[in-house]
1. Got a sec? Which of Lys138, Lys213 is outside any loop (DSSP other than H, G, I, E, B), of a type in the set (Lys, Arg) and more than 19 Å from the chain's Cα centre (by Cα)?
2. When you scan region 265-276, do you find a residue that is at pLDDT below 90, in contact with a helix residue (DSSP H, G or I) (Cβ under 8 Å, 6 or more places away or on another chain) and assigned to a loop (DSSP other than H, G, I, E, B), even just one?
3. What residue, among those in region 144-157 that are surrounded by fewer than 16 Cβ atoms within 10 Å (Cβ to Cβ) and of a type outside the set (S, T, N, Q), is farthest from Gln10 (Cα to Cα)?
4. Within region 57-109, track down each residue that is under 20 Å from Val158 (Cα atoms) and among the polar types (S, T, N, Q).
5. Could you run through region 87-105 and say how many residues are more than 21 Å from the chain's Cα centre (by Cα) and not small (Gly, Ala, Ser)?
6. So if I check each of Tyr238, Tyr306, which one is within 25 Å of Thr8 (Cβ to Cβ) and either outside the structural domain of Trp149 (by TED's automatic domain parsing) or modelled with pLDDT under 80 (or both)?
7. For region 24-39, which positions are touching a residue at least 24 places away in the same chain (Cβ under 8 Å) and either touching a strand residue (DSSP E or B) at 6+ places or on another chain (Cβ under 6 Å) or farther than 14 Å from Ser78 by Cβ (or both)?
8. Does Ala116 count as closer than 30 Å to Arg165 by Cβ, modelled with pLDDT of 90 or more and of a type in the set (Gly, Ala, Ser)?
Amino acid sequence: MGKKDIATKQYMRDPQHFADFFNGYFYNGQEVIDWTTLEEIDASMISIVPTVSGRRGKSVQKYRDIIKRSIIMHNSQSYYAILGIENQSDIHYAMPVRNMLYDALTYTQQVEEISAVNKAEGNLAGGEYLSGFSRTDKLNPIYTATLYWGSAPWDGPVALSDMLRDVSPTDQQFLNDYNINLFSIIDRDIFPEYKTELGLLFSLLNSRNSDEKMLSIVQKNEAFQHISRETAELMRDYASLKLPHKSKEGGYNMCKAVQEIERKSEARGVEKTRVETIKILMKNLNLTAEQAMETLEIPKNEFDKYLSLI
């Protein structure tokens, strides 16, 4: 796992960021999930992978990115649920199968835990003993979201049905589909209301492919002048920014970071124009590159740079 992926995982594992993400994505900003109630769950799981030869399958340990147990509050009612985030820096073209396996293994773990308790307490009889699961036992629902951080639009499948060959209308009704609950930062037009800096982070990364758009976003919101270190570092990593010096108050002014990008963009524009002009002078006036640069009064200490660009 790369340094950027580790930083992303640590950032979203933070209980306040984790709860804020789901409250924004699932509940339009309503505080249905209280971050103080979140409980970390072991992200490791054991998968039995069958072999092609038909021999006994082998065990493979898999790790979910982030998974937590939460209390979901709806009006005066509440229930336990398991929430998971799978971070993706790159497009995964088998994501529905991957997430489906993770959720299935997490449900299997619940069944095994309940079964162990039931058998230890001798609560089962008849058919219940075979499964270890009684008619009154219930599982906590699992909700997994795929959070895509990449700069290219997501063109992968968003459901299991997107990965399947053509299915006849007759058979379609019997097909169990599986959705990955994709939250693609680069593809969204509107972001939910957030209580943490997630909104600032997502909006900046959404505009990272356009220096002009990114500058406009940070200039319109004063909050970008006081960004925490953790958020600023993700902005740096995913938007290729150079962080300014930390302010006296302890935060980072990302307006300065984006303005530096704009200055570099303008400099690249000037270089491109000069290179084209040098080529025209060389062709039309039969000048050498050095003669063309002297005509344009380009400083001699910049000759090597332009020679490498011609």
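1. Going through Lys138, Lys213 in turn, just one is outside any loop (DSSP other than H, G, I, E, B), of a type in the set (Lys, Arg) and more than 19 Å from the chain's Cα centre (by Cα): Lys213.
2. No, there is no match, as no residue in region 265-276 is at pLDDT below 90, in contact with a helix residue (DSSP H, G or I) (Cβ under 8 Å, 6 or more places away or on another chain) and assigned to a loop (DSSP other than H, G, I, E, B).
3. Here is the first cut: in region 144-157, the ones surrounded by fewer than 16 Cβ atoms within 10 Å (Cβ to Cβ) are 151-153, 155.
From what is left, the residues that are of a type outside the set (S, T, N, Q) are 152-153, 155.
On the way: Ala152: 23, Pro153: 24, Asp155: 26 Å.
Of everything passing the filter in region 144-157, Asp155 is farthest from Gln10 (Cα to Cα).
4. Asn87, Gln88, Ser89, Asn99
5. 1
6. On the way: Tyr306 fails: within 25 Å of Thr8 (Cβ to Cβ).
Every option except Tyr238 fails the conditions.
7. Filtering region 24-39 for residues touching a residue at least 24 places away in the same chain (Cβ under 8 Å) gives 24-26, 28-29, 31-34, 37-39.
Those that are touching a residue at least 24 places away in the same chain (Cβ under 8 Å) and either touching a strand residue (DSSP E or B) at 6+ places or on another chain (Cβ under 6 Å) or farther than 14 Å from Ser78 by Cβ (or both): Gly24, Tyr25, Phe26, Asn28, Gly29, Val32, Ile33, Thr37, Leu38, Glu39.
8. Working: closer than 30 Å to Arg165 by Cβ: no; modelled with pLDDT of 90 or more: yes; of a type in the set (Gly, Ala, Ser): yes.
In short, no.
The values are calculated or read from the model by the stated rules, or taken from the named source; none is laboratory data. All of these numbers come straight from a predicted model, not from anything done at the bench. Backbone-built Cβ (ideal geometry, glycine too); neighbour counts: all protein chains shown.
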